[in-house]
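Student: Structure incoming, see below.
The values are calculated or read from the model by the stated rules, or taken from the named source; none is laboratory data. Note that the coordinates shown come from a computational prediction; the quantities given were computed from them, not determined experimentally. Note that we place each Cβ from the backbone using ideal geometry, even for glycine, and neighbour counts take in every protein chain shown. The area values use the complete protein model at the heavy-atom level, side chains included, leaving out ligands, DNA and RNA. Shrake-Rupley method; radii C 1.70, N 1.55, O 1.52, S 1.80 Å.
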Amino acid sequence: MSRTPSFIREPAPRRSRAGEWIALLVLALALAAQLFFSQRAQLAANAQWRPLVLAACGVLGCSVPAWREPTAFGMLSRDVIAVPGRPGVLRVQASFRNDAAWPQPWPALVLALSDASGRQLGVRRFVPGDYLGEAPKEALLAPGQATQLAFDIVEPGPGVVAFDFRFE
């Protein structure tokens, strides 16, 4: 019986690796989906990625946090005046609009009151329930939606002549 040396033998037939490549592709897609799902809040905070995240979560049924861009709230009018017949009480009146591209939650309003020398006499942060008188009926302000507010505060000290509004 003649034995053929191993280097002359015909190679074993190659088996197909298609199943391995398919499994690798499925695992890579699963990893990408997990990364997307875990990072969707950070991706949605980026204006370029947000439309894609909203579309993907619309299909997949996942939630996306509301857009938060306090600098996109534009103050349309504002005023702080003494209330007639009520010494030591100031009426705060303002209107603002959501100029962001997407709906966003009602902002917190920070009001700082100063005297003629620029010294701050008082600062207070108002949440939506404070400046609306109750919790808002809608959780989000639509793009371009404007609102008005009016509420009274106790004057922090005599000589308030300046005020500053800021959204958070």
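Student: Among 27, 149, 133, whose Cα projects farthest towards the positive end of the dipole of the chain, with charges put on the beta-carbon of Lys, Arg (+1) and Asp, Glu (-1)?
Tutor: About the Cα centre, the residue reaching furthest to the positive side is 27.
Student: Which of the following values of volume of the Cα convex hull per residue in Å³ was calculated from the structure shown: (1) 124; (2) 139; (3) 194?
Tutor: (3)
Student: Tell me, what is the 1.4 Å probe accessible area of residue 29, in Å² to the nearest 10?
Tutor: 110 Å²
Student: Tell me the carbon and sulfur percent of the accessible area for the chain, rounded to whole percent, probe radius 1.4 Å.
Tutor: C and S fraction of accessible area: 58 percent.
Student: Just going by the charge dipole of the stretch 33-168, with Lys and Arg at +1 and Asp and Glu at -1 on Cβ, which of 41, 160, 60 is farthest out on the positive end?
Tutor: Farthest towards the positive end: 60.
Student: With each label point set 7 Å from Cα along the Cα-Cβ vector, what nm distance links residue 35 and residue 22?
Tutor: Reported label-point gap for residue 35 and residue 22 is 2.5 nm.
Student: Helix 50-60 sits at what angle to the longest principal axis of the chain, using alpha carbons and giving 0 to 90 degrees rounded to 10?
Tutor: Around 60 degrees separate the two axes.
Student: Please work out the FRET efficiency for the pair residue 81 and residue 101, using the Cβ-Cβ distance as r and a Förster radius of 45 Å; give the result to the nearest 0.05.
Tutor: Computed FRET efficiency for residue 81 and residue 101 comes out at 0.85.
Student: Okay, moving on. Just to be sure I understand: with springs between alpha-carbon atoms less than 10 Å apart, which residue in 44, 112, 33 has the highest mean-square fluctuation in the Gaussian network model of the chain?
Tutor: 33
Student: Given Cβ point charges of +1 (Lys, Arg) and -1 (Asp, Glu) and nothing else, what value in debye, to the nearest 20, does the dipole of the stretch 41-168 about its Cα centre take?
Tutor: It works out to roughly 100 debye.
Student: Oh, and also: Using a 1.4 Å probe, what is the accessible area per residue for the chain, in Å²?
Tutor: 69 Å²
Student: Considering the zone a paramagnetic label at residue 66 would reach in this model (a point 7 Å from Cα along the Cα-to-Cβ line), which residues of the stretch 119-147 have amide N under 17 Å from it?
Tutor: Of the residues in the stretch 119-147, 126-147 have backbone N under 17 Å from the label point off residue 66.
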